[in-house]
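Peer 1: Below is a structure I'd like to ask you about.
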Amino acid sequence: MTSTPRELGFRFPAEFEKHDATWLSWPHKEASWPGKIQSIYPAYSAFVGLLAQSERVNINVADEAMKQFALRQLEKAAVDLSQVHFHFNPTNDAWCRDHGPAFLINDKEKKKVIVDWDYNAWGGKYPPHDLDDVIPTRIGKSMGLPVFHPNIIMEGGSVDFNGAGTILTTTACLLNKNRNPHLSKDQIEKYLLDFYGAKQVLWLGEGIVGDDTDGHIDDITRFINEDTVVTVVEPDPRDENHKLLDENLQQLRTMRLPDGRPLKIVELPMPGEVIHEGQRLPASYGNFYICNKFVIVPTFRDKRDQVAIDILQKHMPDRKVVGIDSVDIIWGLGSFHCLSQQEPAV
């Protein structure tokens, strides 16, 4: 395929648009949750349970043994298994937002394609990543979908979309020399526009403290409709996140959509510090996942949990906002958005 997805009329839909399914990769890597992997399964299974009430759930597993283990966990949580489908696609880790398929659609032709970006586990931090790197192509082949290969490093958690031509990302991640050191900012931007089918890229700066991805956007600022973003803020000036999140907020206030409209900005508080074994974890209410019926929000046994849920419910009244305890899951340095990838409907 010599034409790009954009030239062929494809676009990456916003997460708040209708889904056919959500894709997950079953968590199995103990090194991602040292000493805690068994404790994440109740919350993870509760996540799957909500998804199954909303849409089909596709889960990558290595083999029959992993499938049976997953089934036992899901049965304990009373998940509707008629909505859950397992696929034998072995992975290195569970972070399907970053290694999963990027589904694009052509609205006029009612077609769907996959973009398979290269993947190097956030700058080579956590080898091996060979199994994760080929997941999109494996899924594309099994579904009979065309697969595009831009041949540069890109992770799904580093970009967010309004579905109408605008991409949000961060310089901290995409311009990090551990991703694509041979490319300039303008060159990276062209890849984003061509292979996500977009019109513009809006750049924020830094990600939150404790984020090992070098600053993924999905912990800080998210589109909830075409012209509205939710962005996390830290009011305490003594907190390490205060200054960098305030700088991002000021940048958002200057940004415009292609037609000149300013962004509508909803401020979402950060939870208090979540620390485990002396390490500050990247706990953020911004790592919510939007499915057809629910907005699923990580909570942290914090006084601001309900405040965050109420803010999101006010601004997304067409879905029920549900919190799931993420205190154990966040030890893996990600939460529900990091673990999932939507497959849009056409």
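Peer 1: Which members of the range 304-346 meet the condition of being part of a loop (DSSP other than H, G, I, E, B), within 21 Å of Pro42 (Cα to Cα) and out of contact with any Pro (no Cβ under 8 Å at 6 or more places or on another chain)? Before you say what the answer is, go through the steps one by one.
Peer 2: Of the residues in the range 304-346, the ones part of a loop (DSSP other than H, G, I, E, B) are 304, 316-319, 326-328, 333-339, 345-346.
Narrowing the set further to residues that are within 21 Å of Pro42 (Cα to Cα) leaves 326-328, 333-339.
Val327, Asp328, His337, Cys338, listed by residue number.
Peer 1: Ile114 - would you say it is within 24 Å of Ser45 (Cβ to Cβ), aliphatic (A, V, I, L, M) and under 17 Å from the mean Cα position of the chain (by Cα)? Give the steps one after another, and end with the answer.
Peer 2: On the way: within 24 Å of Ser45 (Cβ to Cβ): no; aliphatic (A, V, I, L, M): yes; under 17 Å from the mean Cα position of the chain (by Cα): yes.
When the stated conditions are applied, Ile114 does not pass them.
Peer 1: If you don't mind, another one. Among Ala65, Ala102, which is closer than 29 Å to Leu249 by Cα, among the hydrophobic types (A, V, I, L, M, F, W, C) and modelled with pLDDT of 95 or more?
Peer 2: Values: Ala65 fails: closer than 29 Å to Leu249 by Cα.
The unique qualifying residue is Ala102.
Peer 1: From the residues in the range 84-99 that are of a type in the set (A, V, I, L, M, F, W, C) and in contact with a Leu (Cβ under 7 Å, 6 or more places away or on another chain), which one is surrounded by the most Cβ atoms within 10 Å (Cβ to Cβ)?
Peer 2: Let us first name the residues in the range 84-99 that are of a type in the set (A, V, I, L, M, F, W, C), namely 84, 86, 88, 94-96.
Retained after the next criterion (residues that are in contact with a Leu (Cβ under 7 Å, 6 or more places away or on another chain)): 84, 94-96.
Numbers: Val84: 19, Ala94: 26, Trp95: 29, Cys96: 25.
The qualifying residue surrounded by the most Cβ atoms within 10 Å (Cβ to Cβ) is Trp95.
Peer 1: Would you check if there is a residue in the range 24-31 being under 15 Å from the mean Cα position of the chain (by Cα), touching a residue at least 24 places away in the same chain (Cβ under 8 Å) and not in a helix (DSSP H, G or I)?
Peer 2: Looking through the range 24-31, at least one residue is under 15 Å from the mean Cα position of the chain (by Cα), touching a residue at least 24 places away in the same chain (Cβ under 8 Å) and not in a helix (DSSP H, G or I).
The values are calculated or read from the model by the stated rules, or taken from the named source; none is laboratory data. Bear in mind that the values here come from a model prediction, so they are computed numbers and not experimental data. No Cβ is skipped: glycine too gets one built from the backbone with ideal geometry, and neighbour counts run over all protein chains shown.
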